[in-house]
Amino acid sequence: MTLSFTSLGLSEARISHLESMGYTEPTAIQAEAIPHLLSGRDLIGQAQTGTGKTAAFALPMMEQVDSSNPTVQALILTPTRELAIQVCQAMRGFRISGRPKVLALYGGQSIERQQEQLNRGTQIVVGTPGRVLDLLNRGSLSLKSLGWLVLDEADEMLNMGFIQDVEKILSKAPADRQTAFFSATMAPQIRELATKYLQSPVTVTVQSPKASPKQIQQVSYIVPRGWTKVRALQPILELEDPETAIIFVRTRRTAGDLTRQLQAAGYSVDEYHGDLSQSQRERLMMRFRQQQVKLVVATDIAARGLHVDDLTHVINFDMPDAMESYVHRIGRTGRAGKNGVAISLVTPLEKYKLRQIERHTKQPMTLMKIPTRAEIAARNLERLRSQVRDAITSERLASFLPIVSQLSEEYDLRTVAAAALQMAYDQTVPAWQREHHSSDPELSERGVPLPKKRKGSTSESREVSKAKE
Ligand code: AMP
């Protein structure tokens, strides 16, 4: 059965506007939540980013606020300023003729400017709890006319310790209002909060659009004692050769350090963080999508603003604390029926987490040893072999045949083919890795351990690479 926006109770004008944006059918969360919200019910929506949850609360809200009344009638709380900006922009996109007004309020921006903007009047506010509370306390923001209150990513707000601020805001809002909580997970504290602040809510749960776990191959590497993680990461990157990957780290500081170290080692890598300007952000996202940058280093929080779904790899440089974060991270690869690889770097002390992950995801975790240089070289040659096979069936091949004929008068055909392969190999593999073909003694010092007997890991690594192709 195909669903339509018409059957959900939205206005004709809104529906044709949505159509002009390419929204022809509602997503599952929209189909389920919109009718309830339009009818005035409180709601708990269990849905992740990417499910269309923003429109699920924004559309009914925008149908009902009074654009001729300049007071704040709807408040959406988000855990991060990135999300506040993103939700605000999405909502502006849903408007007809620029109404109602939507304003984003978050820390790090001049509070005076925000006070001025509030003075000019707005119907909808999207903000982070700290700044919203600050503006409430200063008397710059009034919730007297508030009819809607939404908590977006409520579980993240809890994780980030905003719960007290959120409760203060909730208690300042008029009792006669409609409230909705959206959260990817339903932690007991969220349910408690819902019991306290929602009135006989309906609960709507949708599956996230991520791939079935089978399409995500989970691989982990133990960082050898005495090694830094950066040293361990490099041979892994060489072996896997990700087309697009997010490397998750715990802190902003690690993100900066790791990015600099990888850049110095010649990798195509950038850091994504909350302090980038909108245009820097967009530029990075575009370069990432076009694979001009292959690796992006980010914290969990920053990565929320990174809208790139087609990742071939997700790399856990630092393991997340919560299982939910792990699942959320790896869900960013293996989308749209494609295969994805989730790589985790674990210290010997963190090894126990691997069993937990297996139990939680109900999918096997393949434990691999850091690849040796010989294995990386073998992998590169294997990749070359498959590229040659592709080239043999390509149409452009014919244009090179005359050169081959000429050269074959001087040299043996095998020699010609090997020389061509060497040229191709050197184009794709950085100089320092061409150990088998290099006589530079310094190169043999680079830190990859001697090959050890590995339990079936060679065939596993092959499987990983096959999965990518
Ligand atoms: P969200 O989960 O709200 O972040 O939305 C994820 C993405 O899906 C956004 O890029 C939306 O613009 C898009 N989207 C949401 N609803 C629809 C829809 N009904 N049809 C097409 N795209 C949608």
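The values are calculated or read from the model by the stated rules, or taken from the named source; none is laboratory data. This one's a predicted model, so the numbers in the text were calculated from it and none came from an experiment. Cβ coordinates were reconstructed from backbone atoms using ideal geometry, including for glycine residues, and neighbour counts include every protein chain displayed.
Numerical summary
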read-out	value
Members of region 84-115 found to be closer than 25 Å to residue 13 by Cβ, of a type outside the set (A, V, I, L, M, F, W, C) and part of a helix (DSSP H, G or I), listed by number	86, 89, 92, 93
Residues that are away from the ligand (no atom under 13 Å from the Cβ), in contact with a Leu (Cβ under 8 Å, 6 or more places away or on another chain) and either among the polar types (S, T, N, Q) or part of a helix (DSSP H, G or I) (or both), drawn from region 54-77	60, 61, 63, 64, 73
Filter result for residue 142 (away from the ligand (no atom under 16 Å from the Cβ), under 28 Å from residue 9 (Cα atoms) and of a type in the set (S, T, N, Q))	no
Residue list for region 377-398, filter: of a type in the set (D, E, K, R) and in contact with a helix residue (DSSP H, G or I) (Cβ under 6 Å, 6 or more places away or on another chain)	379
Strands (runs of 3 or more DSSP E) fully within region 142-260 counting 1 or more residues that are hydrophobic (A, V, I, L, M, F, W, C) and over 30 Å from residue 366 (Cα atoms)	148-151, 178-183, 202-205
Residue satisfying all of: in region 29-48; hydrophobic (A, V, I, L, M, F, W, C) and within 10 Å of the ligand (Cβ to nearest atom); farthest from residue 82 (Cα to Cα) among these	31
Extreme residue, surrounded by the fewest Cβ atoms within 10 Å (Cβ to Cβ), among residues of region 160-175 that are under 12 Å from residue 149 (Cβ atoms) and without any contact (Cβ under 8 Å) to a residue 24 or more places away in the chain	175
Test: residue 262 is touching a residue at least 40 places away in the same chain (Cβ under 8 Å) and either assigned by TED's automatic domain parsing to the domain that holds residue 311 or in contact with a Phe, Trp or Tyr (Cβ under 7 Å, 6 or more places away or on another chain) (or both)	no
Test: residue 22 is over 28 Å from residue 301 (Cα atoms), free of Cβ contacts under 8 Å to residues at least 24 places away in the same chain, in the same structural domain as residue 148 (by TED's automatic domain parsing) and away from the ligand (no atom under 13 Å from the Cβ)	no
Per-region count, region 303-331, residues in contact (Cβ under 8 Å) with a residue 24 or more places away in the chain, out of contact with any strand residue (DSSP E or B) (no Cβ under 8 Å at 6 or more places or on another chain) and either in the same structural domain as residue 183 (by TED's automatic domain parsing) or away from the ligand (no atom under 16 Å from the Cβ) (or both)	5
Residue that is nearest to the chain's Cα centre (by Cα), among those in region 316-343 that are under 17 Å from residue 50 (Cβ atoms) and part of a loop (DSSP other than H, G, I, E, B)	332
Among the residues listed as 80, 51, 2, the single one being within 16 Å of the ligand (Cβ to nearest atom) and either over 19 Å from residue 155 (Cβ atoms) or at pLDDT 95 or above (or both)	2
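Condition check ((1) out of contact with any Ser or Thr (no Cβ under 7 Å at 6 or more places or on another chain); (2) surrounded by 20 or more Cβ atoms within 10 Å (Cβ to Cβ)) across all residues:
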position	(1), (2)
23	yes, no
33	yes, yes
43	yes, yes
51	no, yes
66	yes, no
